[in-house]
Every structure is written in structure tokens, then in C-alpha cells.
Amino acid sequence: MIDPFNAFTTLLPEGPLTNGLTPDGPLAGTSFAAKDLFDVAGHVTLAGSKINADDGKVAAQDATLVARLKAAGCRLVGMTNMDEYAYGFATENSHYGTTRNPHDPSRIAGGSSGGSAAAVAAGLVDIALGSDTNGSIRVPASLCGVYGLKPTFGRLSRAGVYPFVHSLDHAGLFARTPAMLAAAYDALQGPDPRDPAQGQRPVEPVALTPDMPPLRVGVLGGFFATGAAPEAHTALAHVGDGLAGLGCSIAPALLTGASQARSAAFCMTAMEGGSLHRADLMTRPMDFDPAVRDRMLAGLLMPADLLLAARRVRRIVADQARALFADFDLLLSPATPCSAPRIGEATIEIEGQQVPVRANLGMFCQPISFIGLPAISVPALADTPLPIGVQMIAPAWAEARLIDAAHHLHRAGITGTTGPTP
């Protein structure tokens with residue numbers, strides 16, 4: 001297979017014996033890629049780093065989610081490029097190069113799961129696994145114009161997934177259609193004794209309903225209504241109008257602690273991420289991507305009481321969100337503040353101000369990851385020059401509601417993946 005967008009760090013040879021798939025499973029005939037922090041037996045889990053490559057530690061067994069997709073008949077094509085140790089929103093990796101956006105190769109794919117999103121957007125695979133700590137599935141899904149699901153915190157097993165921030169890491173996936181997303185998500189569900197932090201819930205299959213349920217939809221204002229470029233507002237209005245046309249009620253909503261949640265997420269990410277890599281930061285600092293190293297070092301310098309304060313903020317904002325869902329079935333916001341920036345672009349103009357790219361692409365995703373709610377980025381088929389997604393958010397454990405709503409939007413031509421087909 002040719003990889004014109006640098007989506008992959010490793011391509012595997014074809015064949016069921018090599019890749020260990022079950023040829024008659026429910027996903028037989030489909031293919032997938034795994035972000036290169038999911039263990040694949042017999043290979044080094046790079047996690048986007050030079051250090052892991054140098055250490056050369058080979059995975060003894062597949063990550064649980066890799067094994068489950070293989071068991072469902074899905075063929076593993078390879079492992080995908082990412083920001084080093086999942087700390088970034090661009091997949092401009094100093095060790096393995098930049099993943100390019102299939103819709104415009106002069107632009108980034110987003111991150112940190114950029115290779116996975118690009119592989120799906122380019123039609124190289126049907127499904128891709130990713131991880132999402134602060135928005136690392138929804139950001140590249142938005143910029144690459146595909147569907148990206150971040151389930152509830154603890155829904156899918158993280159066994160065999162290289163950690164970034166234990167308190168915030170989610171495993172999730174990308175697909176070109178909600179129907180494919182539903183099939184893959186069902187194959188990934190279920191308790192896993194290898195992951196003691198996983199919520200021990202049974203498989204709850206996604207039922208795609210024949211007609212759109214009359215959902216109560218809240219459009220998030222306040223923090224979520226500022227700091228976005230015109231194309232983000234266009235996409236949000238397009239999806240909101242589409243849901244209204246499908247029979248949903250639309251009303252404004254406010255998550256008052258979103259800004260505080262984002263600040264607390266920054267602190268928790270830097271502190272826990274830095275702590276995880278403390279030994280290598282002390283002994284091998286020059287082997288890190290400089291941008292990642294500096295943020296982790298800053299986290300090591302933060303006082304411990306900041307972490308306690310961040311955890312208090314998480315409880316408060318989670319309670320605010322639960323109260324919102326007494327009045328709403330789904331919440332809407334932009335997925336990213338803009339469409340894909342150009343490769344190497346350090347800042348973007350938002351509402352007349354230049355703001356840093358890396359720090360701001362996940363601004364609307366971070367508060368939702370922080371409180372662990374399920375969310376999906378849907379690619380709006382709006383009048384925008386480049387793809388951009390809209391974030392739909394549901395109560396905890398209501399992934400099926402998200403995927404079903406995305407299915408009806410897709411079927412109505414309101415959202416959808418454009419570009420090459422597999």
C-alpha cells in the first residue's frame with residue numbers, strides 16, 4: 001500500500017496468518033489501523049517517540065482493542081503516526097515527520113491521533129483506533145472530515161495502550177460512516193480483566209433507529225460560543241438546523257465551568273504526563289520532541305496542590321453537566337475552533353487575534369474529556385472550504401444515542417465524509 005500522507009509509522013504485510021484475524025467475524029472484509037501507542041504483538045510500541053524506538057521493547061501481546069477488532073474479522077494494516085507520547089494536536093512529529101491532511105496536503109491532519117484520522121479520510125482503512133486525552137480523536141476527526149468517537153471514560157479497555165495521563169486517557173475510534181462506527185464500537189465493547197480501571201459494563205449494542213428520535217438538543221454558548229472562526233460557526237449552525245429539520249428541539253445551553261475545566265485539564269495533563277516520564281526527562285532530555293519535553297518539564301515544576309485543585313474542579317463541572325442533561329438529551333458545540341491550519345503554522349487568527357495553534361485546537365474538546373462524557377465529532381457538509389466537525393455530547397454511557405443521531409444526520413446528507421472511498 002502507498003501512504004502518500006505519512007499516516008503510518010509501520011505497514012504490515014497482508015494475510016490472516018500475519019495479522020491474526022478471524023476471517024468470518026462480523027467485520028470480515030474490513031481493515032483497520034491502530035495509533036502507534038496500541039500494542040501489536042511482535043512490534044515496538046513507538047508512541048511517537050525516539051526513546052521507545054531506541055529501547056526496542058517488543059509487545060508480547062496485542063492491546064485488547066486490537067485483539068477484539070481482529071477477532072471480529074477486521075484486518076490490521078499498520079500502526080499510525082501521532083504526536084510524541086500523545087502530547088499535541090498537530091501530528092507534526094520531529095522523529096517520524098508530519099502527517100498531511102488528505103483534503104489539502106499543505107495542512108495538518110490534527111492530533112494526537114492524526115495518522116489514524118488521515119488513514120480513514122484517505123480511504124486507506126475503514127476503521128482506525130485512536131486515543132483521546134484532551135481531544136486527540138475529535139480534533140483530527142474534525143480537521144480530516146471523518147467521524148470520531150470518544151466514548152465515556154472507562155467504557156473501552158486501555159489494556160496494552162501506552163499511557164499519557166491515567167486520569168484522562170480514553171480509547172476510541174474513527175470511521176467514514178456512523179454505521180461502520182457502530183459495528184466497530186460494538187466489537188470493542190465489554191469488560192476486560194486486563195484493565196482494572198475500566199467500567200465493568202456489559203456490551204450495550206448500538207441500535208440504529210429507523211426514524212430520528214425527537215431529541216432535546218442544547219447548543220452550548222458562553223465559552224463554546226467564543227474563540228471560533230467563521231467556518232466553525234457555519235458548521236455548528238448547519239448541524240443544529242439539520243437536527244431541527246429532523247424533528248429535534250433546539251435551545252441554548254450553558255456549561256458554566258467549561259473555562260475552568262479547560263485550565264484544570266492543562267494542569268493535570270502537564271503534571272501527570274511529566275511525572276510519567278520523569279526518569280527520561282532527567283537522563284535523556286534531548287531525545288524528546290522539544291515541544292513535548294518543555295511542556296512536561298513545566299508540569300514537573302507545578303506545585304502538587306494544583307493537582308488537587310484540578311480534581312475539585314472536575315467534580316464541580318461534572319455535576320454541572322449532569323444537571324444540564326436533566327433538560328437536554330444531547331449538547332452541541334464546535335469540535336475545533338477552525339479548519340486545518342497549514343503545516344508549520346505556529347498561530348492562527350481567531351476573532352481578530354493571533355493565538356497559538358497547538359494550545360487552542362482542542363479548546364472545545366478539553367472540558368468534555370476532563371469530565372469523561374462521551375462525545376463524537378461529525379463532519380458537517382456545510383459551505384466551508386475545508387472539512388470541519390461539530391461536537392455532539394451525551395450523558396455518561398449514552399454512546400448509542402450519539403452514534404444513532406450521527407447516523408440520521410449522515411443519512412439526511414447533513415454530515416458525511418468526502419474524498420476518496422475505500
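Observations, loosely collected:
- Cross-link reach is defined here as a Cα-Cα straight distance under 27 Å, omitting same-chain residues fewer than 8 places apart; for K70 the lysines meeting it are K35, K57, K150.
- Cα centroid of region 103-163 to Cα centroid of region 167-186, whole Å: 9
- 5 Å binning of all Cα-Cα separations within region 145-203, expressed as whole percents from 0 upward: 4, 20, 27, 24, 16, 8, 1
- Contour minus Cα-Cα distance for A71 and A28 (0.36 nm per residue): 14.5 nm
- Percent of beta bridges antiparallel (DSSP, the chain, rounded to nearest 5): 70
- Selected from P290, M302, G344, residue furthest toward positive end of dipole (region 252-344; charges at beta carbon): M302
- Descending principal axes extents, region 283-349, alpha-carbon based, whole Å: 51, 37, 19
- Membrane-span-like helices in the chain, defined here as complete DSSP H runs extending at least 24 Å along the helix axis by their C-alpha atoms with mean Kyte-Doolittle hydropathy no lower than 0.0, are 258-276, 304-324; this is a sequence and geometry rule, not a statement about a membrane.
- Here the accessible area is traced with a 1.4 Å probe on the protein chains. For the chain, carbon and sulfur cover 58 percent of it.
- Highest mobility in the GNM of the chain, judged by mean-square fluctuation with C-alpha springs under 10 Å and restricted to T209, T256, T283, is found for T283.
- Computed about the Cα centre, the dipole magnitude for region 117-231 is approximately 140 debye when only Lys and Arg (+1) and Asp and Glu (-1) carry charge, each at its Cβ.
- Here the dipole of region 74-148 is about 140 debye; that uses its Cα centre as origin and unit charges on the Cβ of Lys and Arg (positive) and Asp and Glu (negative).
- Rounded to 5, the percent of DSSP beta bridges in region 1-127 classed as antiparallel: 55
- With the cut-off at under 19 Å, measuring from each backbone N in region 71-105 to a point 7 Å along the Cα-to-Cβ line of L300 picks out 84-88.
- Inverse mean reciprocal Cα-Cα distance (Kirkwood Rh) of the chain, Å: 20.9
- Taken about its Cα centre, the chain carries a charge dipole of roughly 560 debye when the Cβ of each Lys and Arg holds +1 and the Cβ of each Asp and Glu holds -1.
- Toward the positive end of the charge dipole of the chain, with +1 on the Cβ of Lys and Arg and -1 on the Cβ of Asp and Glu, the farthest Cα among L373, Q353, Y185 is that of L373.
- Seen from all directions on average, region 61-167 presents a Cα convex hull projection of 6.6 nm².
- Solvent-accessible heavy-atom area per residue, rounded to whole Å², over the chain at 1.4 Å: 35
- Rg over Rh for region 291-421 works out to 1.02, both radii taken from alpha-carbon positions and Rh defined as the Kirkwood radius.
The values are calculated or read from the model by the stated rules, or taken from the named source; none is laboratory data. Just so it is clear, the structure is predicted and the values come from calculations on it, not from any experiment. So basically every Cβ, Gly included, is an ideal-geometry build from the backbone, and we count neighbours across all protein chains shown. We work out accessible area using only protein heavy atoms, side chains counted, and drop any ligands, DNA or RNA first. Shrake-Rupley method; radii C 1.70, N 1.55, O 1.52, S 1.80 Å.
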